[in-house]
1. Quick one: which strands (runs of 3 or more DSSP E) sit completely within the stretch B:19-71 and have at least 3 residues that are facing chain A (nearest Cβ under 10 Å) and either free of Cβ contacts under 8 Å to residues at least 24 places away in the same chain or over 10 Å from the mean Cα position of the chain (by Cα) (or both)?
2. If you check A:64, A:87, which single one turns out to be surrounded by 15 or more Cβ atoms within 10 Å (Cβ to Cβ), within 14 Å of chain B (Cβ to nearest Cβ), at negative phi and touching a residue at least 40 places away in the same chain (Cβ under 8 Å)?
3. Looking at A:71, A:37, which is the one that is over 26 Å from residue A:16 (Cα atoms), more than 10 Å from chain B (Cβ to nearest Cβ) and modelled with pLDDT of 95 or more?
4. Taking residue A:46 as the residue in question, decide whether it is surrounded by fewer than 18 Cβ atoms within 10 Å (Cβ to Cβ) and either touching a helix residue (DSSP H, G or I) at 6+ places or on another chain (Cβ under 8 Å) or within 18 Å of residue B:101 (Cβ to Cβ) (or both).
5. Restricting to the stretch B:74-111, give me the number of residues that are part of a strand (DSSP E or B), surrounded by 22 or more Cβ atoms within 10 Å (Cβ to Cβ) and out of contact with any helix residue (DSSP H, G or I) (no Cβ under 8 Å at 6 or more places or on another chain).
């Protein structure tokens, strides 16, 4: 089955700096890659996603890049703000499957 | 995207008892899932709730421990049976749609004492 590795497990950045979180996946047939933000005491919230026919997607301060050859995808957050502090999870969905496989999460702390 | 209402939001239960968690969606969805998130950990899929048929369980999860109902395309329940402290976790309902990806409920925080 699919295996998703996520790095780093913790990340601290100064407010205004950029943050990058990286994930690798094992199933070359995977075709959907969402990113979730989970704040304390809340359920995961979808913040951006990308499909395998696209290399990059951007939504304001958030962007995701996908390298199918290397089987990795990354979340980029620019101009970080304290409210970006949360745990971020990447996930992958295999072709022909309806299930998401999640990475272990990255705890992002933005220091004012 | 679909809006999910999950109840209860939290509960403290005695060991040996059972708790049923409800998941209500504001639109009809084909795909509905139940996840467990142990403290400080990632999300683990328990099962896929199938409308009108038995749920499909992942390795390590069995129907006797986690019975699931899916009477229609907008509602599902997950029961955690014969609870022990190891069942203390966040339980999450999720739905998947073709256009809007996968949405999660706010979760049920279960503590077993």
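The values are calculated or read from the model by the stated rules, or taken from the named source; none is laboratory data. Predicted, not measured: the structure shown is a model, and the values here were computed from it. No Cβ is skipped: glycine too gets one built from the backbone with ideal geometry, and neighbour counts run over all protein chains shown.
1. Output list reads B:44-49.
2. A:87
3. A:71
4. Criteria met by residue A:46.
5. Residues meeting the conditions: 10.
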